[in-house]
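Student: Structure below; questions to follow.
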Amino acid sequence: MEYKIGLIGCGTVGQGFLKILEKKRGYLKERLDFEVKIVAINDKLKGSLLIPEGIKVEKILQLLEQGKKIDEYLEGKPNEARQIDPLEMIEKCDADIIAELTYTDIKTAEPATNYIKKAFQTGKHVVTSNKGPAALNYRELKKLAQENNLFFGIEGTVMSGTPVFSLFENGLAGNKIKEINGILNGTTNFILSKMEIENMDYEDALGLAQKLGYAEADPTADVEGYDALAKIVILSNVFLEGNIKPSDAKREGITSLSKQEILAAKGEGYRYKLIASTKKENGQIQAGVSPQKLPLSDPLAGIMGANNALTFDLDLLGKVTIQGPGAGKIETGYSILTDMLTIHRHLAK
Ligand code: HSE
């Protein structure tokens, strides 16, 4: 089956997704009967294209690698899409699925929420790695998707492409969650690891995390805990049927933690980690993010670098931990593919 895709946003995640398509096209077709035709790309900085016959992924990647705008794809021919804004593009393009990959604004969740609504209103499935809409408007968007018989995929919002939502919905279905604890921000885990193991300074470690594409456009979101907070809010609302906002949860980042404290903890056999947790008590969600000093025997203490991990404490199984990449170009690009494959599995039945 072939799916027509519109990409709204073509930064780190969009390019990671395109790279995977380039590499895995044959495998996806032969093994999974899954094919993709990119019909639209709209990126605020890199330009826009609307080509119903399909856009060549290799050529787009080449232009982007050369630092060129994607408009150059048309080699001087007029490009109407240049004048079209994302909302109009979503409406006009004949896509089956919109991949909403614009930047996360955790305070307003815009403009992404409007883009997602427009996609549902015009009969398109949505997959996204954008934490804003999932953290602030999950219920409303999920309802809109269901009313229109469409899929709203948010796998990439927590732990990048490491499966969290599909794990719970499939392999862990039937369990009730007592508590969730996790390391949900790759940048801060990377920084803490570099400071402790390589004795690196905070600024250098942050610079490296930015260079590797782990950090948010504004890294304050990472180091002050807002990113992990958004993720634990998403998990609270999706898994614990909460209806909380980021302002309902406690937040403390890693900036108040000094290298001396990190190294002193190491000397005592402990390790600092930025832990996000949530549980429901008397019908109320208790969620928060804070640095915690864990004994080395704790499974979360062993998670290093940009990796993330999540421990589900379940009524039937007890503790189940999943560990994997939590950030990165290909890693988050993969989350877009995995949500599309979920759509494919449902539609191909
Ligand atoms: N900035 C985020 C992190 C990216 O470091 O985890 C993935 O959400």
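Student: Within the bounds of segment 202-221, is there any residue that is of a type in the set (Asp, Glu) and within 12 Å of the ligand (Cβ to nearest atom)?
Tutor: yes
Student: Another question, then. Which of the residues that make up segment 52-73 are assigned to a helix (DSSP H, G or I) and open to solvent by 30 Å² or more (accessible area, probe 1.4 Å)?
Tutor: Hits for segment 52-73 are Glu58, Lys59, Gln62, Glu65, Glu72.
Student: Name the single residue that is least open to solvent (accessible area, probe 1.4 Å) among those in segment 128-147 being more than 16 Å from the ligand (Cβ to nearest atom) and out of contact with any helix residue (DSSP H, G or I) (no Cβ under 6 Å at 6 or more places or on another chain).
Tutor: Taking the candidates together, the pick is Lys142.
Student: Within the set of pairs 6 or more residues apart or between chains, which connect a residue that is part of a loop (DSSP other than H, G, I, E, B) inside segment 25-51 to a residue that is open to solvent by 60 Å² or more (accessible area, probe 1.4 Å) with Cβ atoms less than 9 Å apart?
Tutor: Between residues of segment 25-51 that are part of a loop (DSSP other than H, G, I, E, B) and residues that are open to solvent by 60 Å² or more (accessible area, probe 1.4 Å), the close pairs are Asp33/Met1; Phe34/Met1; Phe34/Glu2; Lys44/Tyr103; Leu45/Lys69; Lys46/Lys68; Lys46/Lys69.
Student: OK, next. For segment 75-91, give me each residue that is assigned to a loop (DSSP other than H, G, I, E, B) and either open to solvent by 30 Å² or more (accessible area, probe 1.4 Å) or under 15 Å from Thr113 (Cα atoms) (or both).
Tutor: Once the filter is applied, which keeps residues that are assigned to a loop (DSSP other than H, G, I, E, B) and either open to solvent by 30 Å² or more (accessible area, probe 1.4 Å) or under 15 Å from Thr113 (Cα atoms) (or both), segment 75-91 yields Glu75, Gly76, Lys77, Pro78, Asp85.
Student: Please indicate, with yes or no, whether at least one residue in segment 92-107 is exposed (fewer than 13 other Cβ atoms within 10 Å of the Cβ) and assigned to a helix (DSSP H, G or I).
Tutor: Scanning segment 92-107, I find no residue that is exposed (fewer than 13 other Cβ atoms within 10 Å of the Cβ) and assigned to a helix (DSSP H, G or I), so the answer is no.
Student: Okay, next question. Would you mind telling me which numbered condition in (1) over 23 Å from Pro163 (Cβ atoms); (2) within 16 Å of the chain's Cα centre (by Cα) Ser247 fails?
Tutor: Every condition holds for Ser247 apart from (2).
Student: While we're looking at this one, here's another question. Can you tell which of Glu198, Glu261, Glu268 is in contact with a helix residue (DSSP H, G or I) (Cβ under 9 Å, 6 or more places away or on another chain), surrounded by fewer than 16 Cβ atoms within 10 Å (Cβ to Cβ) and at pLDDT 95 or above?
Tutor: The unique qualifying residue is Glu198.
Student: Further, regarding this structure: Looking only at segment 198-230, which residues are touching a residue at least 60 places away in the same chain (Cβ under 8 Å), closer than 20 Å to Gly14 by Cα and part of a helix (DSSP H, G or I)?
Tutor: Once the filter is applied, which keeps residues that are touching a residue at least 60 places away in the same chain (Cβ under 8 Å), closer than 20 Å to Gly14 by Cα and part of a helix (DSSP H, G or I), segment 198-230 yields Ala209, Asp227.
Student: Which residues, counting only those in segment 148-182, are closer than 13 Å to Val320 by Cβ, within 16 Å of the ligand (Cβ to nearest atom) and open to solvent by less than 10 Å² (accessible area, probe 1.4 Å)?
Tutor: Correct list: Val164, Gly182.
Student: In segment 231-256, which residues are among the hydrophobic types (A, V, I, L, M, F, W, C) and in contact (Cβ under 8 Å) with a residue 60 or more places away in the chain?
Tutor: Hits for segment 231-256 are Val233, Ile234, Leu235, Val238, Phe239, Leu240, Ile254.
Student: A further question on this structure: Looking only at segment 201-234, which residues are more than 28 Å from Leu45 (Cβ to Cβ) and surrounded by fewer than 24 Cβ atoms within 10 Å (Cβ to Cβ)?
Tutor: Matches in segment 201-234: Asp201, Tyr202.
The values are calculated or read from the model by the stated rules, or taken from the named source; none is laboratory data. Please read these numbers as outputs of a predicted model, since none were measured by experiment. Every residue, glycine among them, receives a Cβ derived from its backbone with ideal geometry; neighbour counts consider all protein chains shown. Keep in mind that these areas ignore ligands, DNA and RNA; they rest on the heavy atoms of the full protein, side chains included. Shrake-Rupley method; radii C 1.70, N 1.55, O 1.52, S 1.80 Å.
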